[in-house]
1. Quick check on the chain: take the gyration tensor over C-alpha atoms, sort the square-rooted eigenvalues as a ≥ b ≥ c, and tell me if it's rounded (a/c under 1.5), prolate or oblate.
2. How would the range 70-156 be classified by its alpha-carbon gyration tensor: rounded, prolate or oblate, with rounded meaning a/c under 1.5 and the a/b versus b/c comparison settling the rest?
3. Based on DSSP H runs of at least 4 residues, each adding -39500 (n - 2.57), what is the mean residue ellipticity at 222 nm of the chain after dividing by all its residues, to the nearest 500 deg cm²/dmol?
4. For the Cα atoms of the chain, what angle does the longest principal axis make with the long axis of helix 164-178, in degrees from 0 to 90, nearest 10?
5. Can you tell me the length gained on complete extension of the stretch Asp177 to Arg84, counting 0.36 nm per residue apart and subtracting the Cα distance?
6. With springs only between Cα atoms under 10 Å, which of Gln162, Gln63, Gln126 fluctuates most in a Gaussian network model of the chain?
7. Between Ala144, Ala49, Ala17, find the one with the highest GNM mean-square fluctuation for the chain; connect C-alpha pairs within less than 10 Å.
8. In whole Å, how far is the Cα centre of the range 52-98 from that of the range 139-156?
Amino acid sequence: MRWAYRLRQFSEALLAAPTPADLALVRETLTPGQAALFARLHPSEQAHAVRVLREVQTLCQEQGLEPPADLRVAALLHDVGKARYPLRLWERVVIVLGKALLPAAATRWGQAPPRGWKRPFVIAAQHPVWGADMAAEQGAPPRAVTLIRRHQDGPLPTPHPQNEEERLLALLQAVDDTN
């Protein structure tokens with residue numbers, strides 16, 4: 001099942017791009033500076049971010065809730081740190097294979113400077129912090145910045161989020177993981 005998901009991700013990395021309607025949604029959600037950050041993402045990452053936002057909105061609406069603005073911003077900008085060091089397609093494949101076959105080593109490799117053969121692992125590991133800093137520089141709401149920074153944290157300590165931030169983080173993580 002996980003490999004089927006990864007194959008779909010790979011094909012989307014080759015072909016996906018945001019539609020004009022997607023870009024209109026981005027302009028409605030983000031400030032001009034934040035939209036400029038979003039525009040730095042690879043087209044497939046932009047399409048992924050819009051899918052995450054749309055699913056977040058759907059899930060919230062199914063619960064009779066309006067998705068908070070900071071969650072909407074985080075959904076669109078959660079991967080913006082990858083724009084600091086754009087990944088090549090083969091590097092994305094290396095990350096997936098490394099994490100699947102050598103997860104502990106991939107985690108260690110992610111703590112190095114973003115150079116040489118470890119570069120993809122560093123980008124995968126560090127992009128949440130970089131993205132949070134970039135979003136903060138563009139005036140993203142503090143809770144959006146926190147959600148971006150934490151979007152790849154491990155599972156929450158309890159299966160039931162204890163506060164609003166944890167609830168939003170769990171929602172963002174679940175939707176990101178399936179898109």
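1. Values: a/c = 1.44, a/b = 1.30, b/c = 1.11.
Note, shape of the chain comes out rounded.
2. On the way: a/c = 2.30, a/b = 1.77, b/c = 1.30.
Prolate.
3. Working: 10 runs with 124 residues, N = 179.
Here the helix-only value at 222 nm equals -21500 deg cm²/dmol.
4. Roughly 50 degrees, rounded to the nearest 10.
5. Details: separation 93, 0.36 × 93 = 33.48 nm, distance 2.17 nm.
Computed gain between Asp177 and Arg84 is 31.3 nm.
6. Largest GNM mean-square fluctuation: Gln63.
7. Of the options given, Ala17 has the highest mean-square fluctuation.
8. 11
Here, each number is a calculation from the coordinates, and none is a lab measurement. These numbers come from a predicted model, not from an experiment. So basically every Cβ, Gly included, is an ideal-geometry build from the backbone, and we count neighbours across all protein chains shown.
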